[in-house]
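The values are calculated or read from the model by the stated rules, or taken from the named source; none is laboratory data. All values reported here derive from a predicted model rather than from experimental measurement. Glycine gets a Cβ as well: all are built from the backbone with ideal geometry, and neighbour counts include every protein chain shown. Protein only, heavy atoms only, side chains kept; ligands, DNA and RNA dropped before computing areas. Shrake-Rupley method; radii C 1.70, N 1.55, O 1.52, S 1.80 Å.
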Amino acid sequence: MIHLNNAGSPYEIGRQHGASCPGAVRLACEAWMRVAPIEMPRAEEGLRLVKERLGRFFPECLEEVQGIADGSGQTLDRILVLNCPDAMIGRASGTPSCSCIGFVDSEHGPLIGKTADWQVEHAQDLTTWQHYRPRRGEGYRFIHYGGAGTWWSEGGLNEAGLGMVLNGLPGAGLSPDSVPTLPLARGVLQHCASVRDAIEWLARYDVMYLGFNLMLADRNGDLACVEVVPGAQGVQRPDGDRLVHTNHCLVPETQAVDLGEERLADYGYPGLMENSEARYRNLLKRVPEAPRTLESMEALLRDRSDSGAVSQRGEQGMHTVYAMIVAPARGRLRGAEGFPPDVPFVEYTV
């Protein structure tokens, strides 16, 4: 696990990031390219699209990846391909295929937790923890987990007391005003103070080619999932005192977006939907009976059931590379920085 502590303008934060781990950034570019091989004519078209959309909607992200490129010795185009491969190949690919669990209440207030499932080579050398400190007036400080060379955020906690964990969803499509997906996941931590703020902020945007579910909790006890796919969004509230999510849509608004079998086959890799549904069934069986404690959440994230294992070791090509638990009311983020059954959870505050 690479640990980053970056502050300043978007460009300065990116340059510090790239200079801190140039070898990992280079390795990440090579490894993710093998997941989604990209032909240069398509890449050039996608690069123009990404630069235009980021320039319109998220210019700070364009500045940050320029900093990562300069700090690591890579080209801007190479870092953009790493961050937005879907726009380069015109379909979803290699998205986070994770499991998320939420407790409405515990001895630590609301808890949200997730595993991070990747299918990339050398994943253990590419994962990152980051303390992100923007300039005054440019958003909240936050701590989060992601990947070398990227603006990804698979989950984290900001100084306002908003916590987020992410899992990927199938998606397809491109509208004239849609944006690359992953700046939105990081954006809720930088720009939103509560679950309500995050729901309203996400509603401003449509996404291109892939989707995600954000499980959100705040220090006031609010808990929700927001499913975001191209052309649709929907909010899910707790089922009693809990929420469970994997990698298929659960709310009517997003289920109504017809992807078609051919497009679903293009998403991720073979077996993802079957794998997602098995994990979901396993969690629906285990979570209702689980004590509402940190220790119980850790045990759920380390689950190695014969069917629907939450911590995955090769099932349908998936490998769990870390896990995290966010306790926003306590200002704490706990992470298992490796395969969760094999490593302890360590704690950070923001």
Ordering of 43-56, 291-304, 101-114, 17-30 by burial proxy (mean other Cβ atoms within 10 Å per residue, highest first): 101-114, 17-30, 291-304, 43-56
Contour minus Cα-Cα distance for GLU52 and HIS131 (0.36 nm per residue): 25.6 nm
Kindly provide the pair-distance distribution of region 290-350 built from C-alpha pairs, with 5 Å bins from 0 and whole-percent values in order of increasing distance. 4, 18, 27, 23, 15, 8, 4, 0
For region 266-350, dividing by residue count, accessible area per residue (probe 1.4 Å) in Å² works out to 43 Å²
Given Cβ charges of +1 for Lys and Arg and -1 for Asp and Glu, the option among THR254, THR150, VAL346 whose Cα lies farthest towards the positive end of the dipole of the chain is VAL346
Convert 37 °C to kelvin, take the viscosity as 0.692 mPa s, use the Kirkwood radius over C-alpha pairs of the chain as Rh, and evaluate the Stokes-Einstein diffusion coefficient in µm²/s, rounded to a whole number. 167 µm²/s
Can you give me the distance in nm between label points at ARG34 and ASN220, each placed 7 Å from the Cα along the Cα-to-Cβ direction? 4.8 nm
What FRET efficiency do you get for ALA299 and GLU200 if R0 is 45 Å and r is their Cβ-Cβ distance, rounded to the nearest 0.05? 0.85
Given a 1.4 Å probe, how much area per residue of region 1-86 is accessible, in Å²? 43 Å²
Using the alpha-carbon centroid of each, what span in Å lies between region 160-191 and region 279-322? 24 Å
Amide H neighbours of GLY8 at under 5 Å, excluding residues fewer than 5 places away on the same chain, with H built from the backbone geometry, are ARG133, ARG135
Fully extended, how many nm does the chain gain between SER175 and ARG237 (0.36 nm per residue separation, minus their Cα-Cα distance)? 19.5 nm
May I ask you to give the percent of accessible area on the chain that is carbon plus sulfur, with a probe radius of 1.4 Å? 47 percent
Rolling a 1.4 angstrom probe over the protein heavy atoms, how many square angstrom per residue are accessible across region 110-169? 25 Å²
Given region 44-145 reduced to its alpha-carbon atoms as identical point scatterers, what log10 I(q)/I(0) does the Debye formula return at q = 0.16, 0.17, 0.24 Å⁻¹? -0.99, -1.09, -1.37
Theoretical gain in end-to-end length, ALA290 to GLU138 [0.36 nm per residue, Cα-Cα removed]: 50.7 nm
